[in-house]
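What follows is a single structure, written as structure tokens, with notes after it.
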Amino acid sequence: FLNLTFNFPNMEKTNKDDFIELEFTGLVKDGEIFDTNRKEDAEKIDLKIGPKPMIISIGHDMILPGLDKDLEGKEIGKSYEVELQPKDAFQERKKELIRLIPKSAFTAQNLDPKPGMTLALDQTLVRIASVSGGRVLVDFNNPLSGKVIIYKYKILKKVTDIKPKIQSIIDFFFKGQKIEFEIKEKKAIIKTLAVYKPMIEELNKRFKDILGYELDIEEVKEEKENNPSPSQ
């Protein structure tokens, strides 16, 4: 008998709390792409994507619950696909989120609501269902609520350096804001106005839970400096 020894590669897998660089495309089942950070897919829907890869920490609600859970135990560099029911994606549609609003609320902001329009109202994306006289029927449900979602993704690598880890969490908290910070011992110090100190203190617990670092503030004097407004 032949005594054969096979050396199988040691496939690195992901675990909860890992920081990863994620490549993904989200699409409605039997439908179109709605979000992606892949260049070739972004071109299909005329979407401009940023130069930086998406970095998240697994298991900390930085993405949709169903996708977040599916990222655990996956091999680095391998392509995956997951199907998410509404409860694990953008939730079921809720009747109570469909409301009548006076048309004057729109005209006061120089908006002329038309059925089918999608608008940003009170920092929420809403759809105009109908317009009748002086009243507008507005749907506050996420446009993707009630839909089955498909995600195709690949975990490009684990992120081990502390600076991109901190940057990814700050980007998550302060979407669209350019926030300067520096690292001192086990603290990430954001440079911003003193008025934001209570807000930073409120975020500190979650920041520490994810990374094990404290979040603090270094006061700056000029109003033109960073002016964060977090997304929670």
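The values are calculated or read from the model by the stated rules, or taken from the named source; none is laboratory data. Worth saying up front: this structure is predicted, and the values here are computed from it rather than measured. Note that we place each Cβ from the backbone using ideal geometry, even for glycine, and neighbour counts take in every protein chain shown. Accessible surface areas use protein heavy atoms only, side chains included; no ligands, DNA or RNA. Shrake-Rupley method; radii C 1.70, N 1.55, O 1.52, S 1.80 Å.
log₁₀ I(q)/I(0) of the chain at q = 0.07 Å⁻¹, via Debye over equal Cα point scatterers, no solvent, to two decimals? Result of the Debye calculation: -0.33.
Against the chain, whose longest principal axis is taken from its Cα atoms, helix 197-211 shows a tilt of about 30°. Share of carbon and sulfur in the accessible area of the chain stands at 49%, probe radius 1.4 Å. Between LEU111 and SER145, the distance separating the two model label sites (each 7 Å from Cα on the Cα→Cβ line) works out to 1.6 nm.
From the cross-link list LYS69/LYS154; LYS13/LYS69; LYS78/LYS175, which pairs have alpha carbons spaced over 24 Å apart?
LYS78/LYS175
For the stretch 10-106, the convex hull drawn through the C-alpha positions has a volume of 171 cubic angstrom per residue. Working from Cα pairs under 8 Å separated by at least six residues, relative contact order for the chain is 20 percent. Radius of gyration over Kirkwood radius for the stretch 58-124, both on Cα atoms: the Rg/Rh ratio is 1.19. Considering only GLU81, GLU202, GLU72, the mean-square fluctuation computed in a Gaussian network model of the chain, springs between alpha carbons under 10 angstrom, is largest for GLU202. Which entries in LYS157/LYS208; LYS152/LYS191; LYS39/LYS186 show an alpha-carbon gap greater than 30 Å? Beyond 30 Å: LYS152/LYS191; LYS39/LYS186.
Give me the accessible area per residue for the stretch 1-121, probe 1.4 Å, as a whole number in Å².
Heavy-atom SASA per residue in the stretch 1-121 reads 70 Å².
Positive-end ranking of ILE189, TYR213, ILE33 along the dipole of the chain, with charges on Cβ about the Cα centre, is headed by ILE33.
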